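Note sheet for the following structure.
The values are calculated or read from the model by the stated rules, or taken from the named source; none is laboratory data. Predicted model only: the values in this text are computed from it and were never measured. What goes into the accessible areas is simple: the full protein's heavy atoms, side chains included, and nothing from ligands, DNA or RNA. Shrake-Rupley method; radii C 1.70, N 1.55, O 1.52, S 1.80 Å.
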Amino acid sequence: DKKGLAVGIVFCGFQFGTIMAYLLSPQVIDYFEDWRAIFYIYGAAGLVFLVPWLALAEDSPSTAVVDVSSKEDNNAVIIQDNNDQEINNFLTTNDDSTFLLKKTFEEAKQIWLSAPWEDFKQSRGVRAMFFAHAANNWGLYNNLSWTPTFYSEQYGLNVKESAFLLIVPSVAGAIGGLSSGTLADFVIKKLGNGSTASDAD
């Protein structure tokens with residue numbers, strides 16, 4: 001299992017987005033001669049990604065369970081993939097008793113209410129993620145807000161001239177995320193399957 005590396009890759013993607021923003025934004029401002037163009041361009045790019053997301057994204061994993069319904073002693077369970085192809089059919093299949101499970105507001109509410117909130121509060125793992133996320137955001141938004149001003153006031157560099165200096169923290173963050181994920185996988189592997197760490201919570 002390489003869950004740590006997978007998480008590291010995800011956070012590396014966040015850093016990559018910041019790097020691209022620092023490199024591209026000065027070019028956009030320079031080309032359109034208006035800082036507002038950044039918001040229009042990036043907003044339009046978000047809408048472009050939204051279309052395939054709405055068309056293809058699923059709320060559940062690639063295999064979806066298409067109902068369990070009973071009619072006297074007749075139960076039908078069909079497991080389908082995203083293309084609605086039948087993967088497995090067991091017990092007795094009855095078309096009249098099979099319907100697609102849909103998430104409703106009540107189901108979502110029930111999931112929310114049944115979540116182990118007290119366990120979350122007492123979990124050292126959850127607290128660690130909370131503080132790590134808060135520290136990451138504090139550093140990120142301070143860098144985004146104040147680093148360009150620092151280079152401008154201290155060294156007389158505009159945003160375009162300081163772009164390659166601005167990406168240094170994000171490059172370091174990407175490298176740190178990947179190496180930390182790899183290290184986490186190594187530690188978990190040494191501990192066994194990770195049960196030792198989770199049981200401590």
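Rounded to two decimals, what is Rg over Rh for the range 100-174 when you use alpha-carbon atoms and the Kirkwood radius?
Reported Rg/Rh, Kirkwood definition of Rh: 1.29.
How much of residue 51 can a 1.4 Å solvent probe reach, expressed as accessible area in Å² and rounded to 10?
100 Å²
Too long at a 30 Å Cα-Cα cut-off: which of 2/121; 109/190; 3/121?
Those over the limit are 109/190.
Leaving ligands, DNA and RNA out of it, work out the accessible area of residue 22 with a 1.4 Å probe and give it in Å² to the nearest 10.
30 Å²
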